[in-house]
Every structure is written in C-alpha cells, then in structure tokens.
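Let me begin by presenting the structure, written as structure tokens, before commenting on it.
None of the figures in this text is laboratory data; all of them are computed from the coordinates on show. Please read these numbers as outputs of a predicted model, since none were measured by experiment. With ideal geometry, Cβ positions are generated from the backbone for all residues, glycine too; neighbour counts draw on all protein chains shown.
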Amino acid sequence: MISAIAMSVLLVVSLSCFTWLMTPRMKLLWAAKPEQRFDQIPERLKGTLKFAIGQWRMAREPIAGAAHIMIFSGFMVLTLATITHIAHAYDHDFYLPGLGGLGGKVYGVIKDIFEFLVLVGVSYGLWRRLKRTPSRVGRSWEGVFVLCMITVLMLTDFFYDAGNLVASGEMSSAWNPGGSLFAVLISGFSPDSAHIFAVTNYWIHCITVLVFLNFLPIGKHFHVITGIPKVFFRDLNPYGQMEKIDLEKAESFGIKTTADLSWSQVLDLYSCTECGRCTVYCPTVLTHKPLTHRQLNLDLKHALYDEQAILLSTERNQENKLPDLVGGRISADTIWACTTCGSCEQECPVFIENVPRIIQMRQNKVLMDGDMPPELTRAFKGMEQNSNPWGIGSDKRDAWAEGLEIPRVADIFEKGDEIPLLYWIGCAGSFDDRNKKITLAVVRILKAAGVPFAILGKEEGCSGDPARRTGNEYLFQALAESNVEILNNYKIKRIMAHCPHCLHTLKTDYPQFGGNYEVLHHTQVIEELVQSGKLQIENEIRTQVAYHDSCYLGRYHNIYESPRNIIKALPGAELVELERNKSRSVCCGAGGGRFWLEENIGERINIHRSQEALAAKTDTIGSACPFCLTMLKDGVAALGHENVQTLDIAEIVARALGPINATQIAPS
C-alpha cells in the first residue's frame, strides 16, 4: 500500500510537470503554418522502422554510430523492464504479456546483454565529451548529465536484480547474468540488507526515469521525444524539390519571422540532436564561413522560444511585432553562404531539412525586400532578358553548333518524324567558352556511337536552377513554364543533359509544371553506349583520373558509378579516388547560385577542394558538371598547378576516340 501511494505521488507530480513543460512546446507546433505531411503512410512507417527504430543512418560513422545504437537499443529494451517496475508498485505479480514464466526469463537475459552494451556506449560517449581534444559534439555538460542518468538507470537495474538474488539466497542465475555478476559485489549482505539494497535501487531507478522524462523538453535531448515523429513526417517528395508557390494567391513569400515557420520546420528545431554530423563535410564549415547548420538550428529554436508569447497571443496583429530573422539573429552572410550541396541533410540521422529553409529565407529577402547580393542582380537580369545568367544574347545560344549540321527539334517535328533523344545543352555548355568543349565532346561521342539526337537550339532557355536556389521563385517559374510549354509542344519524352543542375531541375522541378520526362545525365548515356558496345574505344590513353563527385549528380540523384565505370572502361585510364568521395564528396562551391557570387569570407571552397584533388597526384582531375569543372580549373590554376588537366568525363572519352576530324563531329 505504501509503495502504491508513493508511486502514485511520483507519477502525478512528474507527469504534471512533464505536461506543464510540454504544453507550450506543443502549442508552438500547433500554431505554426500548416503543411501536408500525412500522405504515403505505408512509406512513412517503413522509413520510421528503418531510420528511427533501426538507426540506419547512424552506421555512417561506424564507432560513434555503434555507440549510439547500443544506447538507443538498450534503452528500448530496458523500457519494458521500467514499465514493469512501475507496475510492481501496485501489483508485485504483474508482468507484461509474454514476459511471465519462460518469456520473462529469456527477456531477462536479453535485457542484461543490452544493458551491458548501453554501458559500453555510454563510456564511449563520456570519453568523447571529456577528452582533452573535444570531438565534433563538443564538451557538452548537458550530454554528460544525460549519459550519467542513463548509467544510473542501467546500474540500478543491475543492483535491483542483484539484491533480489542475494535476498532470495541465490547468488547467481543463468537467466539473470547481469544481476548475478553484480551480486558478487554484495555477496556479504544479509538477506534483509540485500532486500533493502534492492528496494533502494528500485526507487532510485524509478525516480531517475521520471527526472529524465522531465529533463527532455528543456534541452537538446528533446529529440528523444520528437525524433521518431520527425522521421515519420520527413519530406517524401523527390529530394531537392522545392515547394511550388502559388504566385497569384500568396501574400508573402519565404521565411521572414518565426511566424513563417511550418509545423514540420518547428519539429525540425525540436529534433536537432546537436550531434554535429551536419558540420563534418559541410563546405561552409570547412572553409570558415558564418553558416553552420547546427548553430542555425539553435538560433531559430531560441528565437522560437523567446517569441513564444507573441506567437501564441490571441490578440490581433501581434505577429507584426516579431523581428526579422535575417538581419537579426541570423546574418545575411549566413543564408547566402550555403551551396545547397545537401551534405548536412544526408548526414542528419533525423532528416532535418536545412536547405529548403535557407532557400525560403532567400525568397523573402529577394521577393519581399529586394535585398540580395549585387552580383545576383546582374545574373537575374541576364536570365530575364536573355534566358541565361551571363546575359549573352539568346540568339547566340546555338552559335557553338555552327557548321556541325546538328538537327533541331523544330525541323524534325515539322517533318512529322519522331523526336529522338533531346540533348539539353544548358547555359554553361552554350555560352561559356571552356564548357562549350564539353558540349562538342558529347556531340562527338553521340555521333561516333550512331545515336540519333537533336537540340532545341535558340528555343532552349535557362532551366531556372540559379533563380530557384537563390530565392527568385518568380523568375524561376517564368523560365520553367516557358521551357515546359516548348518541350510539351514538341512531345519530348527523353532528355539528356551534361549539367547536373539542369538534370535536377528538368527531372525534379519541372513535373510541378506539367513537364514529365525521362531525364538522363550524359555519363549514364555514355556508360550504356560503352557497355553495349555501340561506342567502340580502341585508343589507349595513359592517364590517372582523380574523380570529383558533383553534389547535384551524386547526393541529389545517386549517380556515382556511371562516371567511374566509364573511366575504368577506357584503355590505359586509371581511376583514383579522392579521400572524400561519393556521398561524402566536398562541394566545389558553385551550387545554390554561389557560382555567381563573390566569396570573400574564409577560405575559397574551390581552393579547399582543389587542394584535396591535387593531393591525389594525378595528371588529370575529372568531373561531370560544367560548374565543378570551372571551379576546379580555377582552383588548380590559383594553386599553381597548370600542368594538371581538369576535364569532363566526356572530354576524356572523346580523347580516347582518337584525333579529332570533321567527320567525327559533323556528317560528311
């Protein structure tokens, strides 16, 4: 009776306190902007089991990930025992279904094994936080406190079992290995003393659990509560697809204040574990820019909490009192530093969506305030007037093809013939002198393999990628609608692009405007031509290629093997992997519209990446993106290594075809 009363008091007090702490958090969530995240329930449940329960992403960092998995899984297993402990205050014979008799004995063995694993994981976690040289998680005293509480939970459960064993006259049990081991430490206790010892640890365990529960909403470990829901409500749209804004109905654009955050973005802030995984491969962190996604999450969360009274106020027009986020807590340099490379999101174990939030902040500055870096003004003007960021006359878009007799889609369509593969050249491949060489190399390869193709010529426009990633949704939609209208009028079905940014926009963004096409990267097409034997490569090229992965080709579209398979198939060519490669490749610095902006803070990103590429000591640095090529070319030159070639994969293949002659580029 006494234990039941004591437990009831503890539960009422602790759950009341928990409710009091959680209520404002939940109110902020409910008050946030609506967002549709209740679709595709089976897929959401599947992902929750895989990534939240299964901790799938944790293994990307083997040691730290294993430690976290040990703690998480052990905690999940111990939860059943903790529930049983609390119930025993009312009925000592209570057991959860399946945990009585033999089932309980088997569970006891499993529980003890997992509790030992938890202690191993906790020990590693404490070492990371307390060692002389801090790890990426930092010297977090909150983290140390939580790890100590977890340790107390494990030890008190062991000692509770040990006390019960000694009190019953048993010193060991095959079904209770942990309790048996700890029973050795109290083997000198009398049965009564052992019983008191067990009861003491029982109450310490239960009190610690309830203290831990109430600690969660007030610190970074709130993710223990919100992490699983966050994974469930993760974005299931094609990766990198921005929300389409209804320009006619929208009264404002982007994120200006905390009132503009959607409920899923608030859930993002609640769920940040502050683990620092987002910083490990982030180019802005590596080159000392003002943007770190962990700090941005903290700044936004603190703003949310500090402005809670206004956000939850029922008085009219209270939101007008909210301060701007950018220019206040967040500097303009922070939001313009992002290259949208996606590394932060790929590493995040709970799928926090950093990039869309930054682009929405850019949207507000560009569309509502007209406040943007001056270089962007020129790029926007070029896209508005000539449909390319360079601002070169649109009538020059197909000047590179003069004399090559490359068929135009319009001519084929007029004849009533079926439209072959459309080669989307892109702005870089059309207007930039260096990148025109990639275009010519691709044309040469297609002709050598006998692949029928056509181009839009002067009808092709900028895909709009630079506009959308820098927040100019108005301009992007105008460009997208124009291009989709042209493509659909010609009944285009299959498109190849050598620019990953064009690839991404055509494949991921254009379906929002009715443009649904099969979009391929040129490395995918070349790989298929090589493997099928349609492209015969007989010339040996003796070269070592250090291959750099493009963010928008790799992380955004999971195209990693095609470029590598091409290099491996070239006679005499050798693929050399950079230290950070594939999904952990470091951005060249051009993405997210950064190609058009000056870089005046910290180390230049292209220099940082070029140093790693040069460290491979190859004669060639290969890439599969025109912007990566430009950034690496400039970086290599700035570092004084003009002897190292920077080439697109298509250029390397074209060289393997032998000396250029007119018949290999244009029909005879």
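Considering only Cα atoms, the convex hull volume of the range 258-371 works out to 99 Å³ per residue. Taking other C-beta atoms within 10 Å as the exposure proxy, T48, T470 rank T48, T470 from fewest upward.
For M496, the residues whose amide H sits under 5 Å from its own are L422, Y423, W424, L520, ignoring neighbours fewer than 5 places away on the same chain, with H placed 1.01 Å from N. Partner lysines whose Cα lies under 17 Å from the Cα of K46, excluding those fewer than 8 positions away in the same chain, are identified as K230.
So, with +1 on the Cβ of K and R and -1 on the Cβ of D and E, and no other charges, what is the size of the charge dipole of the chain about its Cα centre, to the nearest 20 debye? Numbers along the way, then the final one.
Working: 65 positive and 71 negative charges, 164 e Å.
For this selection, approximately 780 debye.
When only alpha carbons are used to place a centre, the range 156-224 and the range 637-660 end up 67 Å from one another.
At 222 nm, what helix-only mean residue ellipticity would the chain give, in deg cm²/dmol to the nearest 500, using -39500 (n - 2.57) for each DSSP H run of four or more? It would help to have the intermediate numbers written out before the result.
Working: 29 runs with 344 residues, N = 668.
Value at 222 nm, helices only: -16000 deg cm²/dmol.
Using a 10 Å cut-off around each Cβ, can you sort T258, T133 from fewest to most neighbouring Cβ atoms?
Working: T258 26, T133 4.
Ordered by Cβ neighbours within 10 Å, fewest first: T133, T258.
Phi angles of the range 497-512 translate, via the Karplus equation with coefficients 6.51, -1.76, 1.60 and θ = phi - 60°, into HN-Hα couplings of 10, 9, 9, x, 6, 5, 3, 5, 5, 5, 7, 9, 8, 5, x, 5 Hz per residue; Gly and Pro are given as x. With the biggest extent put first, the Cα atoms of the range 201-258 measure 64, 27, 15 Å across the principal axes.
Sorting 22-28, 283-289 by their mean Cβ neighbour count within 10 Å, with the most densely packed peptide first, gives 283-289, 22-28. In this structure the amide hydrogen of A573, modeled in the peptide plane, comes within under 5 Å of the amide hydrogens of I541, T543, none closer than 5 places in sequence on its chain. In order along the range 386-396, the Karplus-derived 3J(HN,Hα) couplings, from 6.51 cos²θ - 1.76 cosθ + 1.60 at θ = phi - 60°, round to 10, 6, 7, x, 6, x, 6, x, 5, 6, 9 Hz, and Gly and Pro are given as x. Couplings 3J(HN,Hα) of the range 306-312, computed from phi: 5, 9, 4, 4, 5, 4, 9 Hz, in residue order, whole Hz [Karplus 6.51 cos²θ - 1.76 cosθ + 1.60, θ = phi - 60°; x for Gly and Pro].
Once the convex hull of all Cα atoms in the range 354-441 is built, its volume per residue stands at 171 Å³.
Among E35, E418, the ranking by other beta carbons within 10 Å of each residue's beta carbon, starting with the fewest, stands as E418, E35. Given that just one value was derived from the coordinates, which of (i) 118, 52, 51; (ii) 101, 58, 45; (iii) 102, 65, 50 is Cα extents along the principal axes in Å? Correct label is (iii). The overall shape of the range 529-583, judged from the alpha-carbon gyration tensor, is oblate: a/c is not under 1.5, and a/b is no greater than b/c.
Computed from the Kirkwood radius of its Cα pairs, the Stokes-Einstein diffusion coefficient for the range 565-623 at 37 °C and 0.692 mPa s stands at 248 µm²/s. Using Cα atoms only, what is the angle between the long axis of helix 141-167 and the major principal axis of the chain, expressed in degrees (0 to 90) to the nearest 10? Taking the Cα atoms of the chain, the angle to 141-167 is about 40 degrees.
Both radii were evaluated on the Cα set of the range 314-356; the Rg over Rh quotient, with Rh as the Kirkwood radius, amounts to 1.16. Rg and Dmax of the range 86-240, based on Cα coordinates, read 18.9, 66 Å. Rounded to the nearest 10 degrees, the angle from helix 354-363 to the longest Cα principal axis of the chain is 60 degrees. In terms of the mean number of neighbouring beta-carbon atoms within 10 Å, the peptides 399-408, 344-353, 488-497, 312-321 order highest first as 344-353, 488-497, 399-408, 312-321. Summing charges over all other residues whose Cβ lies under 13 Å from the Cβ of Y517, with Lys and Arg as +1 and Asp and Glu as -1, gives +2. Ellipsoid fit via the Cα gyration tensor, the range 13-170: semi-axes of 30, 24, 19 Å, each the root of five times an eigenvalue, largest first. Close amide-amide hydrogen proximity is noted between Y547 and V576, L578, G622, each under 5 Å apart and 5 or more residues distant or on a separate chain (H modeled in the peptide plane; Pro and chain starts excluded). When the charge dipole of the chain is built from unit charges on Cβ atoms (+1 for Lys and Arg, -1 for Asp and Glu) and taken about the Cα centre, the candidate among G464, G533, A379 whose Cα reaches farthest toward its positive end is G533.
Counting Lys and Arg as +1 and Asp and Glu as -1, what is the net charge of the other residues whose Cβ lies under 13 Å from the Cβ of G240?
Details: positive: R468, R469, K507, R555; negative: D235, E243, E345, E353, D465, D509.
Here the count lands on -2.
Listed by chain and number, the lysines whose C-alpha is less than 30 Å from the C-alpha of K493, apart from same-chain residues fewer than 8 away, are K244, K396, K415, K436, K437, K447, K458, K507, K534, K582.
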